[in-house]
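Enquirer: Please find one structure pasted underneath; my questions will follow.
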Ligand SMILES: C[S@@+](CC[C@H](N)C(=O)[O-])C[C@H]1O[C@@H](n2cnc3c(N)ncnc32)[C@H](O)[C@@H]1O
């Protein structure tokens, strides 16, 4: 089976057994990573002018900025998220029998479910009759990141779309050593402090400022590094050695977690035994997180729940010694105080310590002096 990867990013939604025939990605840094990863694949820059070769499968996680709860909620009418329809056109032009698509879970809730129904109807009208979707968390795949994404397979073949509902069977990894993650830029809406994992990586602010989550272990509170963020997505740093941190943060925030993408793609490319039962017709009010629509109306699918990993401690680079700055710690502390949202006392204590450091100490960023010993 030949496939094209659209919105390829750094190649998170790819098969483990086959390389793409063509990739399409507008970002120059991502193009650099892709050309190393898939040297034989044709590289196109803009899906809007892309003329596809004939293939069996078209794959892509189209831009989610207009769909994400944090975004503008313009939905499928938005300039970027409307690219879903370009992806459908590419699949038709390529004569593909299957489309694999990915997006944020908010896609299921957008406009009370109407946007998702529109997508399913458009796919079925184009002949991709069997549509199945599933919400998968990177923590089901031994990664320490609480990242849920919706994966949709629409196909002319029932077994290919159903494959997304096969068991995950990875097994959770639980670390004994404590490490937690949270959003240090949040506060008013809650910081999503999570033991054993980080909350979902984000792309960064609209003006391109990276916004990685923070990590807290022992007496250390600091921002996750760009390489750690790539690792939280299952990527090893080798393919990114000459890429600037700012670009790596954005790539990591955009990507599909590598083992999750492979699980979805391998169901299509390697064949699989789906394992689901039709439970009940879902109500018109809500789209289920796991479901199918094979042309006879939508059903929710009761997948077996996987255990979630809590192995953040194993992903921490202990050579990094730069804590959260005095200003960042102070800002977070003040937002937490204003919001009244709960925050673990060990973190509060550490933030108070960091925010009370003098300007001089703060400017010696990275020095051992900034470590708070347990006796301070
Ligand atoms: C949600 S990300 C997909 C990430 C990818 N699945 C991965 O694992 O890295 C969407 C990607 O679409 C790219 N993109 C946005 N507009 C595009 C266009 N017109 N043509 C091609 N790629 C585009 C963005 O640069 C971004 O890398």
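The values are calculated or read from the model by the stated rules, or taken from the named source; none is laboratory data. These figures come from a predicted structure and were not determined experimentally. A quick note on method: Cβ atoms are made from the backbone with ideal geometry, for glycine too, and the neighbour counts reach across all protein chains shown.
Enquirer: Count, please, the residues in region 288-335 that happen to be more than 20 Å from the chain's Cα centre (by Cα), crowded, with 17+ Cβ neighbours inside 10 Å and part of a loop (DSSP other than H, G, I, E, B).
Expert: Number satisfying all stated conditions: 4.
Enquirer: Here's another thing I want to ask about it. Does residue 317 satisfy the condition of being modelled with pLDDT under 95 and touching a helix residue (DSSP H, G or I) at 6+ places or on another chain (Cβ under 7 Å)?
Expert: no
Enquirer: I've got another one for you. Condition first: in contact (Cβ under 8 Å) with a residue 40 or more places away in the chain, closer than 30 Å to residue 350 by Cα and surrounded by fewer than 20 Cβ atoms within 10 Å (Cβ to Cβ). Can you find one or more residues in region 147-155 that meet it?
Expert: yes
Enquirer: Here are some residues: 146, 106, 137. Which one is within 19 Å of the chain's Cα centre (by Cα) and modelled with pLDDT under 95?
Expert: Selected residue: 106, the only one of 146, 106, 137 that is within 19 Å of the chain's Cα centre (by Cα) and modelled with pLDDT under 95.
Residues are listed down the side, and each one gets a yes or a no for (1) in a strand (DSSP E or B); (2) without any contact (Cβ under 8 Å) to a residue 60 or more places away in the chain; (3) assigned by TED's automatic domain parsing to the domain that holds residue 331:
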| site | (1), (2), (3) |
| --- | --- |
| 161 | no, no, no |
| 190 | no, no, yes |
| 209 | no, yes, yes |
| 212 | no, yes, yes |
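Enquirer: Tell me which residues, restricted to region 249-271, are surrounded by fewer than 23 Cβ atoms within 10 Å (Cβ to Cβ) and over 16 Å from residue 10 (Cβ atoms).
Expert: Hits for region 249-271 are 266, 269, 270, 271.
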